[in-house]
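**Q** Dumping the structure here so I can ask a few things about it.
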Amino acid sequence: MQAHIKISGLLSLVLLAGYQPVASAHAVVTDYSLKLAPIHAHQADKVSLNFNSKIELGLSQVFLVSKGDQLSPLEIARGDRQGQMTIAVPALPPGDYALKLKVFAADGHLTEDVIHFTVAP
Amino acid sequence: MAGIADFLDSLIGGFALICFAFAIGSLFWGLFVLRPWQREAAYSAQLLERTVKLMYTGGFALAAAQLFKIILKVWLMTAVLDKWPFPEFAETTQFIGGIIRTMLTLVLATYCYVVLSKNPYSKQYWQTAGLIAVPMIISGAWLVHAAGRFDNPYVLMALTVIHQLGAAAWIGGVFHLVNIWMMRSKQQIAADLWPLLLKRFSVFGMASVGVILLTGLPMALQYIDSWNGFIGTGYGNLLMVKIVLLGLALGLAWLNKSAVQDYFVTRNNHTLTYRLPYYIEAESFVLITLLFTAASLASQPPAIDIPNLTASWQEVLDMFTPRIPRTASPSHQALIAGEAGRVAIIGQVPSEAATAWSDYNHNIAGIFLTTMSFFAMLSYVKRLPSAFSGLERYVVYLTRYWPIGFVGLGIFLFFRSDAETWPLGPIGFWESTFNNGEVLQHRIATLLVFVLGLIELIARMPRNQNSRLPYFFPILAAFGGLMLLTHSHIGFQAKSAFLIQVGHTFMGVLSLILACGRWLELKLDKPGKDIAGFISVAALFQIGLILMFYREPLY
């Protein structure tokens, strides 16, 4: 309830209430392969993400989000370039999905993000 | 508990910068302003003792803050990643750099505590402290924003560290001026030291500000590549706030400098004694907030990296456009019904009820504040127009006891802030308060608003005119402003989050103006007293207007 949280802070002028506990976002995804190469149905694939900052792979996690917000962890590896991450995506039936990221940037900030994608028939 | 860890994490950065300003600012103060080896007879042992004490206390506190930062990261990662982060975390730059910096800071603080405090008049010992500080200062470069960049990281790291040094020199110096004034008030130092050190600091302070600007400009150009990035991103927005705060602080600094110049021409010390110390106190408020804003800025993605998530200036302006406040709330059932769809990742459905609920909360709060501040502003009007003279008796009460509105606001917040918990929602009071960091913070905030209203109300009672109670209000208002500026975060929908943030950061700045104005009203003599007081409640009125016209983006 982001909005509700904001309200108390302001109103009060006096305190905290504006606070929203979402991890700070410093390492953001600047580009990802899904933009150019969509995933085909029933074929395992690799997705690469480019970040604006160096990231600590050992402290980062990626989940596949499927219908009903079911989360399954995905395997991640370092990409060819600095700040690039490669994700192994299993074969999927057609439908709407998302990648949920929890990434620890080299400057110490933990970022959460979501990338939506569709697997076409 | 991740909420509490993240909340503390957002504060610890600013706190660490304050400690850095105490430790390193004291070093600069000793080496370049005080220069104890030149005026042994003029400086009392007590002055030197206090100066060195501020330095090592700042150092020990910085070491503790640095260590606590690491502990918080571990706590946060354990909560967010749902696993123990070691051994991976032990291999990161943040962990290694953090531990090294903690150790180096401890070495500096210990040297000051054990050695420098015994030889505070010796140039050699001060210079040695300076040499010991160098590796500690350099080690900080690996802990800043720039360390994670791909382009020009070393240049940016160096610029950041020098920028921090300039800030520490200036802000640490201002803290020392407050200290000098306190000692002078207690007659612990010679009276003529006050103007002398003020004069010396004027030159030193200007040089420090020069360093801040010379290093800040290239960094800003590196991280922000367009006007839209400056206006339409969280990074640009916080930088703008930093510039505004810098302007406020420089305005107060200019008043100080003029007062010192006048004194050395006229030898009239009225301003130097009855006004300038309070300008410096207000400047301290601004500078502390500036440090917290700087720490918050470091957690934002630079504007240059998020061109697709940047809001246009029209969208930003729209957040402040006057409109009819929402005075009808959606039902609680409608709000709860829309929540599952709103927070879903797959098939997310924006909730109009949630947006309307939030708009209503903000707008009603705005009505509370504008009404309160209207009567507060009225208290500065000497005489009501003759048509209203019959109401004068009632208006007097309203203009004096307007803070009662905070009590009402606290009650309103208690019912509306967390719709999913008691008394409106199904989750019990104690369960929600202690099992959810967010709700706990709201409960504390609500209680504080309520208590603040009561305290200020009691403070305004005729029998309490000379108590210290009135000082609670500006301190808490400054703290509130600081909170609003500190927790600017970006969630999954960066642009919506920014548009929500932009109004809040401006309210943070206005809260600070409110705090400084009220502080100066309590401290200054006339006519400055009335001017500061009116500016203060006018800032409250502005906050009320922003809230009253607030419209949350649908998300």
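**Q** Residues in region B:55-80 near a label at B:VAL107, defined as backbone nitrogen under 20 Å from the 7 Å Cα→Cβ point?
**A** Those under the cut-off are B:55-68.
**Q** Under the 0.36 nm per residue contour assumption, what length would be gained going from the current alpha-carbon distance of A:GLU75 and A:HIS40 to full extension?
**A** Numbers: separation 35, 0.36 × 35 = 12.60 nm, distance 1.87 nm.
Here the answer is 10.7 nm.
**Q** Most exposed first by the Cβ proxy, i.e. fewest other Cβ within 10 Å, how do B:ILE455, B:ILE543 rank?
**A** Working: B:ILE455 20, B:ILE543 30.
The fewest-first ordering by Cβ neighbours comes to B:ILE455, B:ILE543.
**Q** With charges only on Cβ, +1 for K and R and -1 for D and E, what is the dipole size of the protein assembly as shown about its Cα centre, in debye, rounded to 20?
**A** On the way: 46 positive and 39 negative charges, 510 e Å.
Approximately 2440 debye in magnitude.
**Q** Rounded to whole Å, give me the distance from the Cα center of region B:307-324 to that of region B:250-268.
**A** 41 Å
**Q** To continue, here is another question. Once label points are set 7 Å from the Cα along Cα→Cβ at both B:ARG35 and B:ASP82, what is their separation, rounded to one decimal in nm?
**A** Modelled inter-label distance: 6.4 nm.
**Q** What is the protein assembly as shown by shape, rounded, prolate or oblate, if you read a ≥ b ≥ c off the alpha carbon gyration tensor as root eigenvalues and call it rounded for a/c under 1.5, prolate for a/b larger than b/c, and oblate otherwise? Don't skip to the answer; put the middle values down first.
**A** Values: a/c = 2.16, a/b = 1.22, b/c = 1.77.
Cα axes put the protein assembly as shown in the oblate bin.
**Q** Along Cα→Cβ, 7 Å out, is where each label goes; now give me the distance between the ones at B:HIS270 and B:TRP422 in nm to one decimal.
**A** In this crude label model, B:HIS270 to B:TRP422 measures out at 6.0 nm.
**Q** Out of residues 5 or more away from B:GLU552 or on other chains, whose amide H comes under 5 Å of its own, with H placed 1.01 Å from N in the peptide plane?
**A** Correct list: B:ASP359.
**Q** For the pairs A:LYS35/B:LYS73; B:LYS242/B:LYS495; A:LYS54/B:LYS83; B:LYS123/B:LYS199; B:LYS257/B:LYS529; B:LYS257/B:LYS526, flag any whose C-alpha to C-alpha distance is greater than 26 Å.
**A** Details: A:LYS35/B:LYS73 33 Å; B:LYS242/B:LYS495 21 Å; A:LYS54/B:LYS83 22 Å; B:LYS123/B:LYS199 21 Å; B:LYS257/B:LYS529 20 Å; B:LYS257/B:LYS526 20 Å.
Pairs exceeding 26 Å: A:LYS35/B:LYS73.
**Q** Next up: Suppose each label sits 7 Å from its Cα in the direction of the beta carbon; what would the B:TYR471-B:LEU250 distance come out to in nanometres?
**A** Here the answer is 3.1 nm between the modelled labels.
**Q** For region A:45-93, what does the alpha-carbon gyration tensor say about shape, rounded, prolate or oblate, given a ≥ b ≥ c as the root eigenvalues, a/c under 1.5 as rounded, and a/b over b/c as prolate?
**A** Details: a/c = 2.55, a/b = 1.82, b/c = 1.40.
Prolate shape, in that a/c is at least 1.5 and a/b is the bigger ratio.
**Q** Quick check on chain B: what does the Kirkwood estimate of hydrodynamic radius come out to from the alpha carbon pairs, in Å? Kindly include the intermediate steps, with their values, before the conclusion.
**A** Details: mean 1/r = 0.0391 Å⁻¹.
Taking every pair of different Cα atoms in chain B, averaging 1/r and inverting gives 25.6 Å.
**Q** Using R₀ = 56 Å, calculate the FRET efficiency as 1/(1 + (r/R₀)^6) where r is the Cβ-Cβ separation of A:ALA91 and B:ARG323; round to 0.05. It would help to have the intermediate numbers written out before the result.
**A** Details: r = 51 Å, r/R0 = 0.91.
About 0.65, to the nearest 0.05.
**Q** Once you order the gyration tensor axes a ≥ b ≥ c over the Cα atoms, which shape class does region B:216-266 get: rounded for a/c under 1.5, otherwise prolate or oblate by comparing a/b with b/c?
**A** prolate
**Q** Whole-Hz ³J(HN,Hα) for each residue in region B:397-414, computed from phi via Karplus 6.51 cos²θ - 1.76 cosθ + 1.60 with θ = phi - 60°, x for glycine and proline: what do you get?
**A** With coefficients 6.51, -1.76 and 1.60, one gets 5, 5, 6, 8, 10, 4, x, 4, x, 5, 5, x, 5, x, 5, 4, 5, 4 Hz.
**Q** Can you give the FRET efficiency to the nearest 0.05 for B:SER389 and B:LEU213, using r as the Cβ-Cβ distance and R₀ = 41 Å? Please report the intermediate quantities before stating the final value.
**A** Values: r = 53 Å, r/R0 = 1.30.
Working from the Cβ atoms, E equals 0.15.
**Q** Once the piece of chain linking B:LEU378 and B:ASP192 is laid out straight, how much longer is it, given 0.36 nm per residue of separation minus the C-alpha distance between them? Before the final figure, lay out each step's value.
**A** On the way: separation 186, 0.36 × 186 = 66.96 nm, distance 4.20 nm.
Result: 62.8 nm gained on full extension.
**Q** Moving on. By how many nm would the segment from B:GLN314 to B:LYS123 lengthen if fully extended, with 0.36 nm per residue of separation less the alpha-carbon distance? Walk me through the intermediate numbers first.
**A** Numbers: separation 191, 0.36 × 191 = 68.76 nm, distance 5.76 nm.
Result for the pair: 63.0 nm of gain on full extension.
**Q** Quick one: go through region B:441-460 and flag any residue whose amide nitrogen is under 19 Å from the point 7 Å out along the Cα-to-Cβ line of B:TRP430.
**A** B:441, B:443-444
Every number in this text was worked out from the coordinates using simple rules, so none of it is lab data. Quick caveat: nothing in here was measured; it's all calculated off a predicted structure. We place every Cβ from the backbone using ideal geometry, glycine too, and count neighbours over all the protein chains shown.
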